[in-house]
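Student: The following block contains the structure, expressed as structure tokens.
Just so it is clear, none of the values below were taken in a lab; they were calculated from the coordinates. Keep in mind that this is a model prediction, so the values were computed, not measured. So basically every Cβ, Gly included, is an ideal-geometry build from the backbone, and we count neighbours across all protein chains shown.
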Amino acid sequence: MNTQPRLIEVRQNVLKQNDLLARELRVRFQAAGVYVVSLVSSPGTGKTALLEKMLTIFREEWRVAALVGDLATDNDAARLARSQVPVKQITTGTVCHLEATMVERALEGWNLEELDLLFIENVGNLVCPSSYNLGEDLRIVLLSVTEGEDKPLKYPTIFNTADVAVITKIDLAGAVEFDEHAAHANIQAVRPGMEIFQVSAKTGEGMDELKQFFRMRNAECGVRI
């Protein structure tokens, strides 16, 4: 017996329920005046290193916090806690992405009105997270110079569902012979007009531009940050 139609129906119901809860979360975030940013990437892009740098720098200007997803360990949360901002770990087990219900549970005990900016670091995966809305205002997709320039062409869906692209580990670009122009062209081919930043969490290169981008989002969107 063919079970494929049943599997499709179940998946559609799961996504529908996730979207409904994500909308409720977005209303809740907006009511509290907190701006929510999710980070998606494949494993090894330096996502946690970049987030630690952002939290450390941004806390000088805004009240920031982070939720971090991982399959099994709480290593990333412990690392991010060094930034001296509120951090919670979301352990997903066998699930390769975060879902709105996980975010909702993780928010228990937090007063969102005490935050200006909330980051949500998704599980390292470029496939599953593309289908799951978390109620965020902005989705950032990361691409490291060590992954090669064709990542956007291999995983177009995640780039299409993101708002901004950040190329990480730019300090290693020369060593790995990273083709910056090809990478930008591939991103634009998949998501025309997407804004792109190039950063190094190690050297701090590009971080001022990224922070200025968030200031501009404040002015454009009228959010509290």
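Student: In sequence order, what are the phi-derived ³J(HN,Hα) couplings for the stretch 112-124 according to the Karplus relation 6.51 cos²θ - 1.76 cosθ + 1.60 with θ = phi - 60°, rounded to whole Hz, with x for glycine and proline?
Tutor: The phi angles translate into 4, 5, 8, 10, 9, 9, 10, 9, 10, 8, 7, 4, x Hz.
Student: Output wanted: per-residue J couplings in Hz (rounded whole) for the stretch 166-171, from phi through Karplus 6.51 cos²θ - 1.76 cosθ + 1.60, θ = phi - 60°, x for Gly and Pro.
Tutor: Listing the rounded values in order: 10, 8, 9, 6, 5, 5 Hz.
Student: Calculated from DSSP H runs of 4 or more alone, at -39500 (n - 2.57) each and per residue, what is the 222 nm mean residue ellipticity of the chain, nearest 500?
Tutor: -12000 deg cm²/dmol
Student: Arrange Arg26, Arg139 by Cβ neighbour counts within 10 Å, fewest through most, would you?
Tutor: Fewest-to-most Cβ neighbours within 10 Å comes out as Arg26, Arg139.
Student: Would you work out the relative contact order for the chain, in percent, from Cα pairs under 8 angstrom that are 6 or more residues apart?
Tutor: Relative contact order here is 23 percent.
Student: While we're looking at this one, here's another question. For a quick check: with amide H placed at 1.01 Å from N, whose amide H comes under 5 Å from Leu143's, ignoring anything fewer than 5 positions away on the same chain?
Tutor: Sorted by chain and number, the residues that satisfy this are Val166, Ile167, Thr168.
Student: Let me ask you something else. With no solvent and one equal point scatterer placed on each C-alpha of the chain, evaluate the Debye formula and give log10 I(q)/I(0) for q = 0.10, 0.14 Å⁻¹, two decimals.
Tutor: -0.44, -0.88
Student: Using θ = phi - 60° and the Karplus curve 6.51 cos²θ - 1.76 cosθ + 1.60, what whole-Hz ³J(HN,Hα) does each residue of the stretch 97-110 get, with Gly and Pro shown as x?
Tutor: 6, 8, 10, 4, 5, 5, 5, 4, 5, 5, 7, 4, x, 9
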